[in-house]
Amino acid sequence: RLLAADHAGAWASEDRGATWIDVSAGLEDPGMSVVLADPVCPGRVFAASRCGSGLYQSDDYGAAWTANHHYMHYVMGLHFSPADPARVWAVTDDKVLLSDDGGVTWADSLRRYHFHGFAAHPDDADRALLGSVGSGGWSDDTMRVYRTEDGGATWTDSSTGLPESEASAHVLQHWPGTPDVVLLGTYRGGDVYHLDGDGNGKYRSEDGGASWAKVALDVPELAAYAVV
């Protein structure tokens, strides 16, 4: 079963994408921005909205949805911790939230800026990296990376080597098997839709995200990484 989400709702396919059925019933907002399967609970799927209604959960592979009404405005990403699958992070356009019970209840971890990039440490559930956006609504005064080592209780600026920029610290990825190596891809900033300006290319850290060096790759904007 494959699920897809877009501005109109959610859709499911059970024939390798040849045909699709509408499974949007229960989604109070049509504007879905994220859909993500629970890595340890078969059938459990989360969908998140860009319209303020927050998070939705399904326990039957997306056939029916239940709203979790903890307020989240425009969810940019949901991230399960590889080290503790009960821990889930939600990154929105103005804060970061944390759940330690698999997405049932949530608490604000950091409310400050428009955030986007995020990477949970593969071996330590208390460590994570977070990227901010240097322009547009709720913006940081420059693109930055922040780091927590205490499960989101505190966040410290971890941007040594990054330029002052209006771009977005858009995607963060630990290198598989070598978590001290982290890749950062930047993208244009602007409003929550990332329509304005330019990115600053790609950066690499060899100390877990404490400092960064520019990578010689002639690609100014990177929207995503994938481990294959």
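Restricting to the range 189-209, and then to whatever is within 16 Å of the chain's Cα centre (by Cα) and surrounded by 18 or more Cβ atoms within 10 Å (Cβ to Cβ), can you tell me which residue is nearest to HIS73 (Cα to Cα)? Working first, answer last.
Filtering the range 189-209 down to residues within 16 Å of the chain's Cα centre (by Cα) leaves 189, 192-194.
Next, from what is left, pick out any that are surrounded by 18 or more Cβ atoms within 10 Å (Cβ to Cβ): 189, 192, 194.
Details: GLY189: 18, VAL192: 11, HIS194: 16 Å.
Out of the qualifying residues, it is VAL192.
Has the range 157-165 got any residue that is within 17 Å of VAL182 (Cα to Cα) and among the hydrophobic types (A, V, I, L, M, F, W, C)?
The answer is yes; a qualifying residue exists.
Search the range 172-183 for residues that are in contact (Cβ under 8 Å) with a residue 60 or more places away in the chain and open to solvent by less than 50 Å² (accessible area, probe 1.4 Å) and pair each with any residue that is assigned to a loop (DSSP other than H, G, I, E, B) and among the small types (Gly, Ala, Ser) when their beta-carbon atoms are under 6 Å apart and the residues are at least 6 apart or on different chains.
VAL182/GLY209
Can you tell me which residue in the range 71-82 is surrounded by the most Cβ atoms within 10 Å (Cβ to Cβ), limited to those that are farther than 13 Å from PHE46 by Cβ and of a type outside the set (S, T, N, Q)? Give the derivation first.
Step one: list which residues in the range 71-82 are farther than 13 Å from PHE46 by Cβ, which gives 71, 73-74, 76, 81-82.
So of that shortlist, the ones also of a type outside the set (S, T, N, Q) come out as 71, 73-74, 76, 82.
Values: TYR71: 13, HIS73: 16, TYR74: 20, MET76: 25, PRO82: 16.
The selected residue is MET76.
Scan the range 120-133 residue by residue and report those that are small (Gly, Ala, Ser) and open to solvent by 10 Å² or more (accessible area, probe 1.4 Å). Talk me through it step by step, then tell me what you get.
Of the residues in the range 120-133, the ones small (Gly, Ala, Ser) are 120, 125, 128, 131-132.
Selection gives ALA120, ALA125.
I'm trying to understand the selection: among the residues of the range 16-56, which are part of a loop (DSSP other than H, G, I, E, B) and of a type in the set (D, E, K, R)?
Quick first cut of the range 16-56, residues part of a loop (DSSP other than H, G, I, E, B) only: 16-20, 23-31, 38-44, 50-52, 54.
Answer for the range 16-56, where residues must be part of a loop (DSSP other than H, G, I, E, B) and of a type in the set (D, E, K, R): ARG16, GLU28, ASP29, ASP38, ARG44, ARG50.
Tell me, yes or no, whether the range 49-70 has at least one residue that is farther than 30 Å from TRP175 by Cβ, among the acidic types (Asp, Glu) and open to solvent by less than 40 Å² (accessible area, probe 1.4 Å).
Taking the range 49-70 first, the residues farther than 30 Å from TRP175 by Cβ are 49-54, 56-70.
Narrowing the set further to residues that are among the acidic types (Asp, Glu) leaves 59-60.
Narrowing the set further to residues that are open to solvent by less than 40 Å² (accessible area, probe 1.4 Å) leaves none.
So far as the range 49-70 goes, no, none of its residues is farther than 30 Å from TRP175 by Cβ, among the acidic types (Asp, Glu) and open to solvent by less than 40 Å² (accessible area, probe 1.4 Å).
Select from the range 34-48 the residues that are over 17 Å from the mean Cα position of the chain (by Cα) and surrounded by fewer than 18 Cβ atoms within 10 Å (Cβ to Cβ) and list them in ascending order. Full working, then the answer.
Of all residues in the range 34-48, those over 17 Å from the mean Cα position of the chain (by Cα) come to 40-44.
Hits for the range 34-48 are VAL40, CYS41, PRO42, GLY43.
Is it the case, given these coordinates, that GLY31 is surrounded by 14 or more Cβ atoms within 10 Å (Cβ to Cβ) and at pLDDT below 90?
Numbers: surrounded by 14 or more Cβ atoms within 10 Å (Cβ to Cβ): yes; at pLDDT below 90: yes.
Yes, satisfied.
In the range 86-114, what residues are touching a residue at least 40 places away in the same chain (Cβ under 8 Å), among the small types (Gly, Ala, Ser) and more than 14 Å from ALA48 (Cα to Cα)?
Correct list: GLY102, SER109.
What residue, among those in the range 83-109 that are touching a Lys or Arg at 6+ places or on another chain (Cβ under 6 Å) and modelled with pLDDT under 95, is most open to solvent (accessible area, probe 1.4 Å)? I'd like the intermediate steps shown before the answer.
Initially, the range 83-109 is screened for residues touching a Lys or Arg at 6+ places or on another chain (Cβ under 6 Å), giving 95, 100, 108.
Now restrict to residues that are modelled with pLDDT under 95: 95, 108.
Values: LYS95: 9, ASP108: 78 Å².
Of everything passing the filter in the range 83-109, ASP108 is most open to solvent (accessible area, probe 1.4 Å).
The values are calculated or read from the model by the stated rules, or taken from the named source; none is laboratory data. Since we're looking at a predicted model, the values are computed, not measured. No Cβ is skipped: glycine too gets one built from the backbone with ideal geometry, and neighbour counts run over all protein chains shown. Quick note on the areas: whole protein, heavy atoms, side chains included, nothing else; ligands and nucleic acids left out. Shrake-Rupley method; radii C 1.70, N 1.55, O 1.52, S 1.80 Å.
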